[in-house]
Amino acid sequence: MTRESWQTRIGFILAAVGSAVGLGNLWRFPWMTSENGGAAFLLVYLGVVLVVGVPGLLAEFVIGRRSRRNPVGALSDLSDSRAWSAFGHVFVVTAVVLLSFYSVVGGWILRYLAASATGAYFADPAAYFGAIDYGVEAVAFHLAFLAVTAGIVLRGVRRGIETATKLMMPAILALLVALAAWGVTLDGAAAGLEFYLSPDVGYLRANFLDILPAAAGQALFTLSLGAGTMLTYASYLGEDRSLAADGTAIAALNTFVGVLAGVVVFPILFALGAGAGGGGPGALFVSLAGAFAALPYGELVGVAFFGVVALAALSSSISMLEIPVSFLVDEYGVSRRGATTGLVGVFAVTGAVCALDPDVFSFVAGTLVNLLLTGGLVGFLLFAGWVMGADALDEYRTGAGSLAGDLATPWLYAAGVLIPVFLVFTFVSGLAAALGVTVGPLSVLGVTLDQTRVLVVVSVAVAVLSFVGLRRPNSVL
Ligand code: TRP
């Protein structure tokens, strides 16, 4: 059976943007921004997207297009090593973790889409969300969201994913632009824009080390990095176009939508006196949905808004399901139909667990996802830099113009050395925070190191050790 491929280049770009643009932009980004100082967070986040996100995206693309396989097959084929093949299975686990909680939030969105039409939550938004967030009904809506996701993936790469995202992406953009244009005209919108767009330098300085890991986690999540989604999508590329140009376009479009989502959310919140408050996973559902209640034509605004969010969530959830589907199809010769239905059975159960237990949900959606994505991306970056080495450069240069081509070697150094050190640092600090461990202050040879310095030293040490262990004849570094 020949492997499927995208029909058009724009089809690939829209599918990748569709994967990137999702609840990460519309639900997680405003929530993270409001908890981390508004514009200060935005600034750091934009920096991380540029410095870590784009090179990371290219690493996944290079591995995917070179191997034309799913993440497990790609790592084992290109390395001929059992250890890498075993590591590849982590991505199947990551996909299960991601879609389990994502489908629960997707279910909430579907429910709010329906509830907006009648204004069901207008009277008391907080009580409404509190009554529907976890429980049997949440399971039912999760199953509905999962069923739609599976319906698209069943139809395959071209007829399902490409066609669906080609229709959904323009609709998302048009609706968001309209909502933003309307939001900024509200009385009091200016305060929202000020909070969101004019950074408080003092705050940034004082909290930089707290903002950084949060911004890094958000950047990976929103670009769909570290799970093998982008690798899998690049594996369906038939022709050799410039990966650097496509990657930059995808990151730029995704960032544009994220920033635009903030322009929709913050003016509405401030115009209605909710301020930046109302953090946590319920932010979108309580503060923003509550704001709709106070607006003229609130039902209409609600339906438009949750309609956009539902489309964006779907174009991302299909990319999560596609990871294990491509794994089963490539590696075990299972039919797409068999793989999809079998996996739906698994996700139905794992998602239901998240939909029933708030503690499981927040652990899975927060800590676990952050650690898996960060660790996963480190794996891809080291793989590109140290295992593929010269082949990665070659693949990067294929189809790249001279400008992008000149950046090949600097890219590989960044991807193979600098970015992994940075990500190991965020991984170790995230792990320490999750386990509630404090390391330091430590006294080494008469020098006292605070917690941050200890973590920096540990990160550099871990990175250097793994670089040495990974060196192969092909490594260019
Ligand atoms: N990026 C998507 C969002 O912002 C979510 C997503 C889809 C994702 N595929 C992924 C996140 C793979 C991490 C890894 O909603």
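Readers should treat all values here as calculations from the given coordinates under stated rules, not as data from a laboratory. Bear in mind that the values here come from a model prediction, so they are computed numbers and not experimental data. A quick note on method: Cβ atoms are made from the backbone with ideal geometry, for glycine too, and the neighbour counts reach across all protein chains shown.
Distance from the Cα centroid of the stretch 347-397 to that of the stretch 114-134 is 33 Å (rounded to whole angstrom). For trypsin sites (Lys or Arg not before Pro), the sites in the stretch 1-60 that DSSP calls loop and that have at most 16 other Cβ atoms within 10 Å are Arg3.
Averaging the Cα positions of each part gives two centres, and for the stretch 297-323 and the stretch 39-104 these lie 23 Å apart.
For the chain, a/c is not less than 1.5, where a ≥ b ≥ c are the root eigenvalues of the C-alpha gyration tensor, and a/b does not top b/c. That puts it in the oblate class.
Here the Karplus curve 6.51 cos²θ - 1.76 cosθ + 1.60, taken at θ = phi - 60°, turns the phi angles of the stretch 162-174 into couplings of 5, 5, 4, 6, 4, 7, 6, 4, x, 5, 4, 4, 4 Hz, with x standing for Gly and Pro. Across the stretch 126-222 the C-alpha pair distances fall into 10 Å bins from zero in the proportions 11, 18, 31, 30, 10, 0 percent. In plain terms, the C-alpha convex hull of the stretch 132-184 casts an average shadow of 5.2 nm² when viewed from every direction. As an equivalent ellipsoid, the stretch 382-461 spans semi-axes of 36, 13, 10 angstrom, where each value is the square root of five times an eigenvalue of the C-alpha gyration tensor, largest first. Rounded to whole numbers, the Karplus 3J(HN,Hα) couplings from phi for the stretch 463-477 are 5, 4, 4, 6, 4, 5, x, 8, 4, 9, x, 6, 4, 9, 8 Hz, using 6.51 cos²θ - 1.76 cosθ + 1.60 with θ = phi - 60°, and x at Gly and Pro.
Near Leu449, the amide H atoms lying under 5 Å from its own belong to Leu442, Ser443, Val444; only residues 5 or more places off or on other chains count, and H is placed 1.01 Å from N. Calculated mean residue ellipticity, 222 nm, the chain: -23500 deg cm²/dmol, from DSSP H runs (n ≥ 4) at -39500 (n - 2.57) each, averaged per residue and rounded to 500. For the stretch 1-140, a/c is not less than 1.5, where a ≥ b ≥ c are the root eigenvalues of the C-alpha gyration tensor, and a/b tops b/c. That puts it in the prolate class.
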